[in-house]
Every structure is written in structure tokens, then in C-alpha cells.
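Q: First the structure, which I've put down as C-alpha cells, then a few questions once you've had a look.
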Amino acid sequence: MAEATLKSKPIVKALHAAFCRDAGRAEILKLAATKMRATGPPYTSVYLYMIDESGETLLLEAFDGRETEHTSIPLGRGLCGKAITERADLNVPDVSAAPEYLPCNIDTRSELIVLIRRNEEILGQIDIDSDAPNGFDGMEQAAVKEVADALAVLL
């Protein structure tokens, strides 16, 4: 049986260790982005967007990979905003076929968005870009969800 490229257990363990040594929110989010991207392909860029105090905007709080001009995204706009308003993770195998896609980089071919949820409350999301078409399968999505679930407890 094939495995996910992302090894979530060591990442979750590192996040818990950071929390236990009183790392702040920014450090924990950055650690998650850095460790996930270090997996290598298909993880080209990893962005952690959190819902702001107004509950109407996603704010980029940490990333590893390519910079993006999308540091603030209104809910409902783009794939990231769509995931929040639909309350569902999105696995987009071909971003060029998604009319809602907000291009960050001309090389991005696929995108995975996994919500960070604490029970029914959505705190934010992990947004991953890949230069590979159809970069993420169900096993990758499940591994990213394990990281998102850990963040939901630690933040």
C-alpha cells in the first residue's frame, strides 16, 4: 500500500514540542509551513491563512516557499475563500480549470486547501501549491489534515 509523501507524525510531534516550550502562535504556524514544505515535491509552497477577528477575511500568518501577493483574502474570494464559505477542504488537480483560482505563481498547477477546525469552528486553513498537475491524492490530504487537526488544538 502506498503512503503519503508527507509524514505527518514527526511534524505533529515537532508542533507539540514547540507548544510545550511556550512557542507563540507565529512560531508554531511558521514551523508547520517549514516542515511541510521540507517534504519536497509536490509541496512547492505552503501558506497558513487564519480568519481575522472580523470573521470576514483570511490573513496570511505564515508561509514557506514562494511569496504571494495574496496576504489578505475576503471570505468567498478565490479557492481559499471558497473553502471557508463552503466549509470544505478543496483538492484542485488543475488550477487552470478552476475559475475561482487566484494565481500566485505561473508555475502552480494544483492546489490543496485543508481547513483548520476546532470542533465546528473554522480557525483558518493550510493552503498548499504544487507545480505538479494533480499533485495531491487522498492520502496526502489525510496527512495534511492530521497537521491541521494538531494546529486546531495548539492554537
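Q: At 7 Å along the Cα-to-beta-carbon direction for both Thr71 and Asp52, put a label point, then send me their distance in nm to one decimal.
A: A separation of 1.2 nm, rounded to one decimal place.
Q: For Ala142 and Lys13, what is the calculated FRET efficiency with R₀ set at 22 Å and r taken between the beta-carbons, to the nearest 0.05?
A: Working: r = 17 Å, r/R0 = 0.79.
That gives a FRET efficiency of 0.80.
Q: A follow-up question, please. Could you size up the charge dipole of region 1-59 around its Cα centre, putting +1 on the beta carbon of Lys and Arg and -1 on that of Asp and Glu, and report it in debye to the nearest 20?
A: 420 debye
Q: In addition: Between Glu120 and Glu100, what is the label-to-label distance in nm when each label sits 7 Å out along the Cα-to-Cβ direction?
A: Taking the two extended label points, one gets 2.1 nm.
Q: Further question on the same structure: Beta carbons within 10 angstrom, averaged per residue: use that to sort the peptides 147-153, 117-123, highest first. Could you put the intermediate results ahead of the total?
A: Values: 147-153: 19.7, 117-123: 12.1.
Highest-to-lowest ranking by the protection proxy: 147-153, 117-123.
Q: Just rank Glu100, Glu111, fewest to most, by other beta-carbon atoms within 10 angstrom. Before the final figure, lay out each step's value.
A: Details: Glu100 15, Glu111 27.
Lowest count first: Glu100, Glu111.
Q: Show me the trypsin sites (Lys or Arg not before Pro) within region 1-104 that DSSP assigns to loop and that have at most 11 other Cβ atoms within 10 Å of their Cβ. Can you show the working numbers first?
A: Details: sites: Lys7, Lys13, Arg21, Arg25, Lys30, Lys35, Arg37, Arg66, Arg77, Lys82, Arg87; in loops: Lys7, Arg21, Arg66, Arg77, Arg87.
For trypsin sites (Lys or Arg not before Pro) across region 1-104 that sit outside H, G, I, E and B with at most 11 neighbouring Cβ atoms in 10 Å, the list reads Arg21, Arg87.
Q: Using a Cα distance threshold of under 19 Å, what count of lysine pairs results for the chain when pairs must be 8 or more residues apart or interchain?
A: Within the chain, the lysine pair count is 12.
Q: If one computes the Cα centroid of region 1-74 and of region 89-155, what distance in Å separates the two points?
A: Cα centroid to Cα centroid, the span is 11 Å.
Q: With an 8 Å Cα cut-off and a minimum separation of 6 or more residues, compute the relative contact order for region 1-97 in percent. Write down the numbers at each step before the final one.
A: Details: 101 pairs, mean separation 16.2, N = 97.
Once divided by the residue count of region 1-97, the mean separation gives 17 percent.
Q: Taking the Cα centre of region 8-154 as origin and charging only Cβ (+1 Lys, Arg; -1 Asp, Glu), how large is the dipole, in debye to the nearest 20?
A: Dipole magnitude for region 8-154 comes out near 480 debye.
Q: Put +1 on the Cβ of every Lys and Arg and -1 on every Asp and Glu Cβ in the chain; which of Ser110, Ala62, Cys80 then has its Cα farthest towards the positive end of the dipole?
A: Ala62
Q: Mind listing the long-range amide H neighbours of Ala132? Cut-off is under 5 Å, sequence gap 5 or more, other chains count too, H placed in the peptide plane at 1.01 Å from N.
A: Arg109, Ser110
Every number here is computed from the coordinates shown, using simple stated rules; none is lab data. Just so it is clear, the structure is predicted and the values come from calculations on it, not from any experiment. Positions of Cβ are generated from backbone atoms using ideal geometry, with glycine treated the same way; all protein chains shown enter the neighbour counts.
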